[in-house]
1. In degrees between 0 and 90, to the nearest 10, how far off the longest principal axis of chain A does helix A:32-42 point, with axes built from Cα atoms?
2. Distances in nm, one decimal, shortest first, from residue B:21 to the same residue in every other copy, taking the label point 7 angstrom along Cα→Cβ.
3. Which distances, shortest first and in nm, link residue A:58 to the matching position in the other copies, using label points set 7 Å out along Cα to C-beta?
4. Against the longest principal axis of chain A, how steep is helix A:66-80, in degrees 0 to 90 to the nearest 10, with axes from Cα atoms?
5. In chain B, if every C-alpha pair distance is counted and binned at 5 Å from zero, what percent goes to each bin?
6. Any idea what % of Cα-Cα pairs in the protein assembly as shown are farther than 27 Å?
7. Which of the trypsin sites (Lys or Arg not before Pro) found in the range A:12-90 are in a DSSP loop and have at most 16 neighbouring Cβ atoms, other than their own, within 10 Å?
8. Return A:98, B:68 ranked ascending by Cβ neighbour count within 10 Å, so the fewest neighbours appear first.
There are 2 protein chains.
Amino acid sequence: MSGGGRSEGRLYFEDLRVGQRFTATATHTLDAAEIKAFAAQFDPQPFHLDADAGQATVFGGLVASGWHTAALTMRLIIEGGPAMAGGTVGLGAELSWHKAVRPGDTLSVSGEVVESIPSRTRSDRGRIVMRIETRNQSGAVVQTCVSRLLVPCRNPDARRD
Amino acid sequence: MSGGGRSEGRLYFEDLRVGQRFTATATHTLDAAEIKAFAAQFDPQPFHLDADAGQATVFGGLVASGWHTAALTMRLIIEGGPAMAGGTVGLGAELSWHKAVRPGDTLSVSGEVVESIPSRTRSDRGRIVMRIETRNQSGAVVQTCVSRLLVPCRNPDARRD
């Protein structure tokens, strides 16, 4: 599985194997303005809105909302990660935030297929679990996201045979 | 624990007990334009960007990104949920998306403290696990989020006695 994706044909359930890895082709550098803009809309807390106010908090400065990191991770996957047939349809995700994301940080995303679960009741789809790491420019993992995805089968009838 | 929050004094680790519930005071109604705007920025897939394109997908129309639902849930908690001392600082979250969120849906948020974990090494903080449900106007749960929060202790020295 390469990081390219869009033009290479979309991936079906049968194409995804445990242990396959990808690296998204794009990266994203956050600035203070976008950290504050996201926070104003979705997570209006002092440490996400204002560097001075953030000084007095556990973060010691301005940091991005964890939900902002999660949303940007999704964009990097959609733009340059593996292209699933039927789209990237999430059933759920287990997020851990390990390290603060600060203005000027450059985020990159890589992942690995950790589980492949055929549907017990439907021959036309399955579930894929991916472990997705978001790193900063120093290589430190800022977020892990274990994501459950719904993926269609290429050949639904084959599973009935 | 009421849903009010901002003016009632902030909550410390000692104030939060397993079984306590809250209902956020505000609700939020999504329209198609904001669903598309979020998607353009963070989750640019056909079923989040365009109603016609969404028709041909598993969703059968325009639906909000799960990350949009998660981010809006955070805002409803910050605006009118329990006010934690030190802010609402997430260590991680386990999200499940149960039902699509569509234009015109009105989201509301309620939660319950399900675990309270004193720190083994620090007397000044603890971890609280909250199970947060996001419902639509019909009362159907669209998202659950089991959230791990870092919460400061009111009286750090008391724990050392």
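Read-outs: derived from the displayed coordinates by stated rules, not from any lab. Note that the coordinates shown come from a computational prediction; the quantities given were computed from them, not determined experimentally. Note that we place each Cβ from the backbone using ideal geometry, even for glycine, and neighbour counts take in every protein chain shown.
1. Approximately 70 degrees, to the nearest 10.
2. Distances to the matching label points in the other copies: 4.7 nm.
3. 3.5
4. Value to nearest ten degrees: 50.
5. Bins of 5 Å from zero give 2, 9, 17, 19, 16, 12, 9, 7, 5, 2, 1, 0, 0 percent of pairs.
6. On the way: 23329 of 51681 pairs.
That fraction is 45 percent.
7. When the trypsin sites (Lys or Arg not before Pro) of the range A:12-90 are filtered for loop state and at most 16 Cβ neighbours within 10 Å, A:17 remain.
8. Working: A:98 13, B:68 24.
Placing the least packed residue first, the sequence is A:98, B:68.
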